[in-house]
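K.L.:
Before anything else, here's the structure in question.
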Amino acid sequence: MNKENVLYLVIPCYNEEEMLDITTKELTKKMNDLIASKKISSNSKVMYVDDGSKDATWSLISKYHEANPLFTGIKLSRNKGHQNALLAGLMTAKKYADITISMDADLQDDINVIDKMLDEYNNGSEIVYGVRSSRKKDSFFKRFTAQSFYKLMRLMGVEIVFNHADCRLMSKKALDGLEEFDEVNLFLRGIVPQIGYKTSVAYYERNKRVAGKSKYPFKKMLKFAIDGITSFSVKPLRLITSLGFIMSIFSFAILIYSLVVKLCGNTVTGWTFIVCSIWLVAGIQLLSLGVIGEYVGKIYMEVKHRPKYIIEKELD
Ligand code: UDP
Ligand code: MG
């Protein structure tokens with residue numbers, strides 16, 4: 001019914017040498033099936049993005065490319081993080097593809113979701129979010145931290161699709177929209193819903209990582225969450241204002257209290273109270289300064305307009 005679309009699977013890879021052989025085998029099968037059943041054009045490709053890996057990742061990618069034109073890749077000049085690697089891949093793929101689907105190299109996201117996403121695309125969606133139907137196979141720690149992350153983002157007023165990571169289909173039109181966003185602090189999960197167009201959701205099972213380790217230790221996850229909130233929400237700043245307001249009312253009450261105590265002639269007893277208030281106020285001030293600093297840092301980074309990534313090599 002419709003013309004066969006060129007699909008590019010965009011896969012960021014950081015030190016994934018243990019995983020890539022398995023991934024390549026699975027994806028070859030999947031892509032060949034899709035091409036054979038005429039769901040996608042035979043010009044479709046798998047694009048690996050080497051995010052400045054320190055292991056054999058890039059030589060493996062070049063090897064797959066030599067062996068099979070289905071595989072292609074780009075190599076970033078250094079490690080720029082998952083989000084930037086993904087963006088580099090998407091913007092490169094946009095030149096050749098009608099549709100892109102982004103996925104992690106560890107195939108924790110069930111690849112059969114590709115079929116569901118293509119169906120949604122054919123129904124007119126420009127963006128299809130892959131959403132995890134359950135996290136039973138994640139460790140308790142990962143599940144807990146990830147779910148708290150989504151809840152916190154919602155609480156802070158960031159528009160974000162629950163349990164949707166970066167597994168998503170985006171049409172060329174949606175990618176053109178994404179290109180208009182010029183921020184350096186890149187948080188794709190927050191930006192993509194801002195693009196608009198018709199969107200839909202495809203559910204899949206989240207599996208365990210088969211080989212290699214998670215490249216997202218707790219420290220990186222925390223940074224990701226803080227970046228996400230401060231790039232999209234001014235609620236933390238408003239919280240400070242409310243806190244300041246409550247503190248003023250509180251100190252007014254204290255003022256009346258101390259006047260009463262003074263009038264009763266018991267002034268020496270104030271020592272504990274003074275020490276406590278000094279610590280409390282100093283703590284709140286420091287916290288507030290920290291949050292403000294986070295935003296100042298963001299402004300600082302944005303005005304620099306540094307390139308988000310530099311592509312070192314591109315396979316033809
Ligand atoms: N990744 C990347 N650059 C980084 C960290 C991770 O390109 O600096 C890639 C990684 O190779 C994988 C994806 O991002 O394809 C998700 O990472 P991982 O599976 O380790 O995260 P988790 O599933 O544990 O959240
Ligand atoms: Mg993973």
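The values are calculated or read from the model by the stated rules, or taken from the named source; none is laboratory data. Keep in mind that what you see is a predicted model, and the values were worked out from it rather than measured. Note that each Cβ is placed from the backbone with ideal geometry, even for glycine, and that neighbours are counted across all protein chains shown. Side chains are part of the model used for accessible areas, which takes the heavy atoms of the whole protein and leaves out ligands, DNA and RNA. Shrake-Rupley method; radii C 1.70, N 1.55, O 1.52, S 1.80 Å.
K.L.:
So if we plug the beta-carbon distance of ILE22 and TYR300 into 1/(1 + (r/R0)^6) with R0 = 45 Å, what FRET efficiency do we get, rounded to 0.05?
P.N.:
Efficiency, rounded to the nearest 0.05: 0.60.
K.L.:
Could you tell me which helices of the chain pass both thresholds, a Cα extent of 18 Å or more along their own axis and a mean Kyte-Doolittle hydropathy of at least 0.5, with helices taken as whole DSSP H runs?
P.N.:
218-232, 235-263, 271-304
K.L.:
From the square roots a ≥ b ≥ c of the eigenvalues of the alpha-carbon gyration tensor of the range 162-237, which class results: rounded (a/c under 1.5), prolate (a/b over b/c), or oblate?
P.N.:
Oblate shape, in that a/c is at least 1.5 and b/c is the bigger or equal ratio.
K.L.:
Would you please put 277-288, 99-110 in order of how densely packed they are, using the mean number of other Cβ atoms within 10 angstrom per residue and starting with the highest?
P.N.:
99-110, 277-288
K.L.:
Now for a different question. Which links in LYS151/LYS172; LYS95/LYS298; LYS142/LYS223; LYS45/LYS137; LYS142/LYS198 stretch past 24 Å when you go from one Cα to the other?
P.N.:
Distance filter (> 24 Å) returns LYS151/LYS172; LYS95/LYS298; LYS45/LYS137; LYS142/LYS198.
K.L.:
For the chain, compute Rh as the Kirkwood radius over C-alpha pairs and then the Stokes-Einstein diffusion coefficient at 20 °C and 1.002 mPa s; write the answer in µm²/s, rounded to an integer.
P.N.:
In µm²/s, the coefficient rounds to 97.
K.L.:
Counting Lys +1, Arg +1, Asp -1, Glu -1, what net charge surrounds ILE195 among other residues with beta carbon under 15 Å of its beta carbon?
P.N.:
Result for the local shell: -2.
K.L.:
Describe numerically, in nm with one decimal, the distance between label points set 7 Å from Cα along Cα→Cβ at VAL260 and at ALA56.
P.N.:
Rounded to a tenth, the inter-label distance reads 7.8 nm.
K.L.:
Okay, next question. If we sort 216-226, 240-250, 144-154, 160-170 on the protection proxy, mean other Cβ atoms within 10 Å, highest first, what's the order?
P.N.:
Highest to lowest by the protection proxy: 160-170, 144-154, 216-226, 240-250.
K.L.:
Continuing with the same structure: Longest span of the chain, sites excluded, free of GluC sites (Glu not before Pro) in DSSP loop with at most 16 other C-beta atoms within 10 Å?
P.N.:
5-158
K.L.:
Say each of ASP119 and LEU243 gets a label point 7 Å from the Cα, pointing the same way as Cα to Cβ; how far apart are those two points in nm?
P.N.:
So the two model labels end up 4.9 nm from each other.
K.L.:
Share of antiparallel DSSP beta bridges in the chain, in percent to the nearest 5?
P.N.:
Expressed as a percentage, antiparallel bridges in the chain total about 35.
K.L.:
Could you give the accessible area per residue of the chain, probe 1.4 Å, as a whole number in Å²?
P.N.:
54 Å²
K.L.:
Would you mind calculating the relative contact order of the range 1-127 from Cα pairs under 8 angstrom and at least 6 residues apart, reporting the percent as a whole number?
P.N.:
The normalised contact order for the range 1-127 reaches 36 percent.
K.L.:
A further question follows. So what's the back-of-envelope 222 nm ellipticity for the chain, counting only DSSP H runs of four-plus at -39500 (n - 2.57) apiece and dividing by all residues, rounded to 500?
P.N.:
-17000 deg cm²/dmol
K.L.:
I would also like to ask the following. How high is the relative contact order of the chain, given as a whole-number percent (alpha carbon pairs under 8 Å, six or more residues apart)?
P.N.:
Computed value for the chain: 22 percent relative contact order.
K.L.:
Here's a follow-up. Give, in nm to one decimal, the length gained when the segment between LYS136 and ASN32 is fully stretched (0.36 nm per residue of separation minus the Cα-Cα distance).
P.N.:
Value of the extension gain: 34.4 nm.
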